[in-house]
1. Give, ordered by residue number, each residue of the stretch A:239-281 whose 1.4 Å probe accessible area is reduced by a minimum of 30 Å² on adding the remaining protein chains to the chain alone.
2. Quick check on my link table: of A:2/A:225; A:197/A:280; A:104/B:297; A:3/B:132; B:135/B:288, which ones sit more than 30 Å apart, alpha carbon to alpha carbon?
3. At a probe size of 1.4 Å, how large is the accessible area of residue A:179, to the nearest 10 Å²?
4. All other residues with a Cβ under 13 Å from the Cβ of residue B:250 taken together, and with Lys, Arg as +1 and Asp, Glu as -1, what is their net charge?
5. Rounded to the nearest 10 Å², what accessible area does residue A:247 show when all protein chains are kept and the probe is 1.4 Å?
6. Any residues in the stretch A:290-321 that have 20 Å² or more less accessible area with all protein chains than in their chain alone, probe 1.4 Å, and which are they?
7. Where the label is 7 Å out from Cα toward Cβ, how close does residue A:2 come to the same position in every other copy, in nm, shortest first?
8. Count, for each residue of B:179-185, the Cβ atoms from other chains sitting within 10 Å of its Cβ, then give me the mean as a whole number.
Number of protein chains: 2
Amino acid sequence: MKKVAIGVDIGGTNTAIGVVDGEGNVMVKDSIPTPSHGNLDRYIEELTVAIKELIKSVKLVNSDIEILGIGIGAPNGNYYNGTIEYAPNLSFQGVVPLVELLKKSFPELDALALTNDANAAAIGEMIYGGAKGMKNFVMFTLGTGVGSGIVVNGDLVYGADGFAGECGHTVLIPEGRMCGCGTKGHLEAYCSAPGMKRTAFEILVRDNAVNSLLADKSYKELDSKMIFDAAEKGDKVALEVFEKTGHWLGQALADTVHHLSPEAVFLFGGPTAAGDYIFKPTKAGMEKYLLPIFKDKIQILPSKLKQGDAAIVGASALVWKEVDK
Amino acid sequence: MKKVAIGVDIGGTNTAIGVVDGEGNVMVKDSIPTPSHGNLDRYIEELTVAIKELIKSVKLVNSDIEILGIGIGAPNGNYYNGTIEYAPNLSFQGVVPLVELLKKSFPELDALALTNDANAAAIGEMIYGGAKGMKNFVMFTLGTGVGSGIVVNGDLVYGADGFAGECGHTVLIPEGRMCGCGTKGHLEAYCSAPGMKRTAFEILVRDNAVNSLLADKSYKELDSKMIFDAAEKGDKVALEVFEKTGHWLGQALADTVHHLSPEAVFLFGGPTAAGDYIFKPTKAGMEKYLLPIFKDKIQILPSKLKQGDAAIVGASALVWKEVDK
């Protein structure tokens, strides 16, 4: 009997679904639109159909398959209640009891669990990735926002109400840039992909750098991939963007280390593809702020989850963690 | 059989020792000098004698007493190894295997454990104080420095190497005041008792406030109690010191909440005796920086440990926690 888990990643526009084996390989996957109409019942129906189709298709190839459960990654996902709560980027209002609703469609499955996407990524790293065997680590995801997942003594930290690990909203620079959440100076406003764009334009403005490769992009179109490409060509503005982003991220990581004393910090997401451009200044920034007892002890590592499938794989890892209990 | 625990608090100048009952009452206590000569063997001898004397004296009053173990709070205390490591304020060099050495004097005791003083205070709060029944909370101790202890799922967080919970060394203001650890901008440089003194002089200078009650104290003599007394008399500089200290502490607490989603934050130490002067701006500062999902949820509470005995009581709580395992 081959045991597999379903991973569901609910994003603002699409919901990705996959069947994942015990090694973190996606056997088959699909995606449906995350509705903008806010009709929850219809969405649950569509999600149920999509999951059942995927299960049918893997069983066609291998009839000897056991489905262990469904893991869901979603913005503002509350693990304790199995709910999505007031997610600003989803059309559903208020508190959505997703696990309860999905349970009705899959009464035969014991392990149904939900958390936010960064927590799911941390569990994915622990179950399938570079954190196998680690008991204390943190995961920072850099993308549209900055997310984080914290593992202490081998368990994800959910906190008193299920929302722990919002390190993207720690204060990096008091009274600094406006964050998407409405508060000033948060890490996310600096070290997310849009944060890097903001940094690029700050430098363009400061140096009036009309000859930079980044100077012919509009504020709307510039993205972190373009900044990486320009850095590869030696563009000074682009190189400084990575320097600053890494330094800022390192400062935040030092704070996290002082809280938790992790063995390693994993970085995940688009900007981490820039390799040393981002990892080197991040390491230097972190070391600068650390107490002597922590210096040269904490590894900063790239996530081993495959970029494209990571959200599905991370969500599916929740199931293995549940079954393990 | 009445069960009791020994608490030992190792400070820079004195080592306080007490026998503590299950309700956190100190039945009898003593203190010996923490040596400046660095002679570890002699210190262990003296400590052993003092502990044995105390045990003898409680057994004289009540022969029906069982000693469960010895809990030790010490700067740079490493719970995992039972060691004190490179403590800047103690005369012992390098790594001191205190638990191992003390075990030789008390082979009959199973529970010997050591951690730093702020962690001990957090465990004390959980076993005897206001955090009874709480599974997720943090403790911040304000004194010569700013210490912290973190509890997740009912257990103290020690992290990968036993040094978690150094929130006093998170970055509050990048490139700000020099911290005692040699790095700039750490919380401890602002919200410790000496940090409040620094703030007072900053305000005196900024406003050239020669008429402030604080203006006739030297930099060396001004302390947080004097600032409190002046605030009670309506002194504007003193009142602003509390306003700023609270705001800064609140900013740091928000960062901690975003990491850990605790149920409550406990504050302990001299400056907290100022009550609303410090608690009100701390609460306001924290709320200002919190994500909507955390707003108006997190209690900021004064520690219920008695100021004078807290270090002994906290250290003794380690024993109950060990026995509980």
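1. A:251, A:255, A:258, A:259, A:260, A:261
2. Numbers: A:2/A:225 39 Å; A:197/A:280 19 Å; A:104/B:297 32 Å; A:3/B:132 42 Å; B:135/B:288 25 Å.
The answer is A:2/A:225; A:104/B:297; A:3/B:132.
3. In the full protein context, residue A:179 sits at about 10 Å².
4. Computed value for this residue: +2.
5. Residue A:247 has an accessible surface of roughly 60 Å² with all protein chains in place.
6. Residues losing area: A:291, A:293, A:294, A:297.
7. List, nearest first: 6.7 nm.
8. 3
The values are calculated or read from the model by the stated rules, or taken from the named source; none is laboratory data. For clarity, every value in this text was computed on a predicted model and none was experimentally measured. Because the Cβ atoms are built from the backbone with ideal geometry, glycine has one as well, and the counts that use them run over all protein chains shown. Side chains are part of the model used for accessible areas, which takes the heavy atoms of the whole protein and leaves out ligands, DNA and RNA. Shrake-Rupley method; radii C 1.70, N 1.55, O 1.52, S 1.80 Å.
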